[in-house]
Amino acid sequence: MVHADASAFADGLTKQEVYAQVLEQARALFDGQRNWVCNFANTASLLWHAYHSLPAPSSSVNWSGFYFLDPSNPQQLLLGPFHGQVACQTIAFGRGVCGAAAQTKQTQLVPDVEKFPGHIACDGASKSEIVVPIIKDGKVVAIIDIDCAEEKGFSEEDQSALEELAALLAESCDF
């Protein structure tokens with residue numbers, strides 16, 4: 001039985017240890033559950049609590065969630081489960097950091113969003129962002145989008161862990 005303690009992170013853990021717990025808890029939550037809504041909603045919670053258990057800049061994450069391929073428009077992303085301020089409901093492929101990740105199928109690690117051409121400021125407090133595409137059968141089905149209220153909020157360590165999480169989500173969900 002899944003318990004709320006799945007999203008509790010002990011004080012003093014390293015970022016590597018926190019990401020390891022996110023992945024471990026995600027695998028446990030996904031066991032026997034292939035519904036993407038359930039799995040992504042729980043993952044949004046895991047990520048939010050994970051970042052807020054860490055010191056700055058990770059604790060300054062101000063938006064953590066997902067966008068999905070819009071079934072009515074395959075060149076557009078549609079807002080999915082998240083934590084943070086109310087967000088943009090749709091994002092066109094190629095527009096902003098999320099749209100760039102969806103169009104290129106490549107992670108976008110952006111240390112300063114003000115320097116990213118066409119950045120969409122859903123939350124004006126965001127200073128850095130990482131967006132990781134979730135690819136299934138060669139097609140982007142969703143993206144992980146994490147914003148931080150500090151510049152340089154994310155590193156290659158975040159990229160590696162989030163890319164592993166993206167692969168886990170792709171293989172664990174029916175879309």
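The values are calculated or read from the model by the stated rules, or taken from the named source; none is laboratory data. Only a predicted model underlies this, so the values are computations on that prediction, with no experimental measurement involved. Glycine gets a Cβ as well: all are built from the backbone with ideal geometry, and neighbour counts include every protein chain shown. In case anyone asks, the SASA skips ligands and DNA or RNA and just uses the protein heavy atoms, side chains included. Shrake-Rupley method; radii C 1.70, N 1.55, O 1.52, S 1.80 Å.
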**Request:** Being touching a helix residue (DSSP H, G or I) at 6+ places or on another chain (Cβ under 7 Å) and either farther than 18 Å from Ala167 by Cβ or of a type in the set (A, V, I, L, M, F, W, C) (or both) is the filter here, so list the residues in the stretch 29-39 that pass it.
**Result:** Leu29, Phe30
**Prompt:** Filter the stretch 57-67 for residues that are over 14 Å from Val18 (Cβ atoms) and among the small types (Gly, Ala, Ser); which is nearest to the chain's Cα centre (by Cα)?
**Reply:** Gly65
**Request:** Among residues belonging to the stretch 1-56 that are among the polar types (S, T, N, Q) and open to solvent by 50 Å² or more (accessible area, probe 1.4 Å), point out the one that is farthest from Phe175 (Cα to Cα).
**Result:** Thr14
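Tally the residues that are part of a helix (DSSP H, G or I), touching a residue at least 24 places away in the same chain (Cβ under 8 Å) and either under 22 Å from Ser155 (Cα atoms) or within 16 Å of the chain's Cα centre (by Cα) (or both), restricting the search to the stretch 3-26. Explain how you work it out, then say what you get.
To start, the set of residues in the stretch 3-26 that are part of a helix (DSSP H, G or I) comprises 4-7, 15-26.
If we keep only those that are touching a residue at least 24 places away in the same chain (Cβ under 8 Å) too, we end up with 6-7, 15-16, 18-19, 21-23, 26.
Subset that is either under 22 Å from Ser155 (Cα atoms) or within 16 Å of the chain's Cα centre (by Cα) (or both): 7, 15-16, 18-19, 21-23, 26.
Residues meeting the conditions: 9.
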